[in-house]
Amino acid sequence: MEGQREILRHVFDAALKAVAPDAALLRHVRLDGAGRGELVADGRRWNLADRRVRVLGAGKGVAPMAQALEDMLGERLDQGFVVVKYDHGLPLKRICQAEAGHPVPDEAGVRATGRMLEMARTSTERDLLICLLTGGASALTPAPAPGLSLADLRQTTQLLLDCGATIHELNAVRKHLSAFSGGQLARAAGRATVLSVIVSDVVGDPLDVIASGPTAPDASSFDDCREILERFGLESRLPSAVRDYLRAGLAGRAPETPKPGDPLFGRVRNILAATNRQALDAAARAAEARGYIPYVLTDRLTGEARQKAVELAAEARRRAEAPGQGGKGLCLLAGGETTVTIQGRGRGGRNQEMALAAALELEGQPRVCALFAGTDGTDGPTDAAGGFAFSDSVARMGGREAARALLAENNSNAALALSGDLLITGPTRTNVMDLAVLLVDRP
Ligand SMILES: O=C(O)C(=O)CO
């Protein structure tokens, strides 16, 4: 018989399968007709007889999408170039593939982004440029604006991360120091038609923030960057070239990113192909097939990881005590991305921290268990995707005091290693943020 751990894992795997980027692409894009055929994407058609098809892409999950397009288009695909995180590549036949640094951008990323901008700039009215974008793309596509260096971008990103800037704030600044992000790839493509297929790793799925929105109108401005940097007190700590460039932007001497309503977006179509909500819905179906009544609580889970875990575990305990549940029990599901305010010197990630905090909450509650995991297979600077929490996890960590001490040190990886509750998947090549799965078994 399947135990709690196997059921949790099964539900998570079903969610991952539903947001596999290649399958997501194939749900939205297909080839129709014989001969040169027509490309159909969400109801729009492009006759390929008189068009060249080029593919660009960036992100952790782009390699399977590129493979799917190669298989679909065969010789109709003229050329392509994609960049993925190190160790996230797959064999490709026609599309060139580079691997580059993530989360810290590197020179390989600069070279790859230069190649993609070049391909966009040399595209013409005859070209259909298919852009594949998934989470991780912001770091993989460093294209320093004129006068800036890679080191300037890295330093500015780190300063913002250290202050706890949100992804919206971080990407507003990144877009304004870039020649690629914030709609600028679409602008570089001149009169070519642009079709972007996007996998969302941002809460709420904002197209201008996911992957720093290379083909989306940018809602942020140089003025927003000034406000963000002032609010964090970072102005004086920025590299001087960045300070000068942002001042030039504010004075109208550096180009703004293209904004909503810009006519250039008339030839751009952005398709949201996979989201956290889709993963949650698939998880719900998988739980139901195992006899559990599923409840999707939210796809916008944010906030301090340990606190959110305690809230979710408390909700599961409350429901465990309530009478009247049917089937085998309940499955509570939540998705999003929490944060960890680091206080200690241990190793872990937001999902592992959630699992550790939930384990403390669920101690001695054999009817409730949980899994917290990142859909990309990576949680913090560790090789785990996340972790499980069972009623006896804390005992396996050496008891309550030991578990609490590990949590205080943000040492969730060590805690879950002790209890044997780490989830290790390796790179999943997709990324729709994190999932929390909690099972409440019937008495
Ligand atoms: O992961 C990235 O590239 C982002 O900035 C959010 O999609």
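What the table below lists for this structure:
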| read-out | value |
| --- | --- |
| For the stretch 135-255: relative contact order, % (alpha-carbon pairs under 8 angstrom, 6 or more apart) | 32 percent |
| Principal axis dimensions, largest first and in whole angstrom, of the stretch 318-398 by Cα | 43, 29, 20 |
| Amide H partners (placed H, <5 Å) of Arg300, local residues excluded | Gly335 |
| Radius ratio Rg over Rh of the chain, counting only Cα atoms, Kirkwood formula for Rh | 1.00 |
| Equivalent ellipsoid semi-axes - Cα gyration tensor, the stretch 286-341, angstrom | 24, 14, 7 |
| Amide H contacts of Ile130 (H built 1.01 Å from N, under 5 Å, at least 5 apart or other chain) | Arg54, Val55, Leu56, Leu195 |
| Highest average packing first - 75-81, 352-358, Cβ atoms within 10 Å | 352-358, 75-81 |
| Chain lengthening between Leu161 and Glu288 when straightened (0.36 nm per residue, less Cα-Cα) | 41.8 nm |
| Angle between the chain longest axis and helix 150-162 axis [Cα atoms, degrees, rounded to 10] | 30 degrees |
| Segment Arg231-Met1, length gained on full extension (0.36 nm per residue, minus Cα span) | 77.2 nm |
| Label-to-label distance, nm, for residues given as Arg300 and Gln79 (7 Å Cα→Cβ offset) | 4.4 nm |
| Sulfur and carbon atoms: percent of accessible area, the chain [1.4 Å] | 50 percent |
| Semi-axis lengths, Å, the stretch 277-440, gyration tensor of Cα atoms, sqrt of 5 times eigenvalues | 23, 19, 13 |
| Distance between the stretch 81-131 and the stretch 343-415 - C-alpha centres, whole angstrom | 37 Å |
| Estimated translational D of the stretch 72-166 in µm²/s (Stokes, Kirkwood radius over Cα pairs; 37 °C; 0.692 mPa s) | 222 µm²/s |
| The chain - mean residue ellipticity at 222 nm from DSSP helices (-39,500 (n - 2.57) per run, n ≥ 4, rounded to 500) | -11500 deg cm²/dmol |
| Centroid-to-centroid separation of the stretch 1-49 and the stretch 282-324 [C-alpha atoms, Å] | 27 Å |
| ³J(HN,Hα), Karplus 6.51/-1.76/1.60, whole Hz, each residue of the stretch 403-413, x for Gly, Pro | 5, 4, 5, 5, 5, 4, 8, 6, 9, 5, 5 |
| Quotient of C-alpha Rg and 2.2 N^0.38 Å, computed over the stretch 3-153 | 1.17 |
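The values are calculated or read from the model by the stated rules, or taken from the named source; none is laboratory data. Treat the numbers as computed from the prediction; the structure is a model and nothing was measured. Every residue, glycine among them, receives a Cβ derived from its backbone with ideal geometry; neighbour counts consider all protein chains shown. Surface areas here come from the heavy atoms of the whole protein model, side chains and all, with no ligands, DNA or RNA. Shrake-Rupley method; radii C 1.70, N 1.55, O 1.52, S 1.80 Å.
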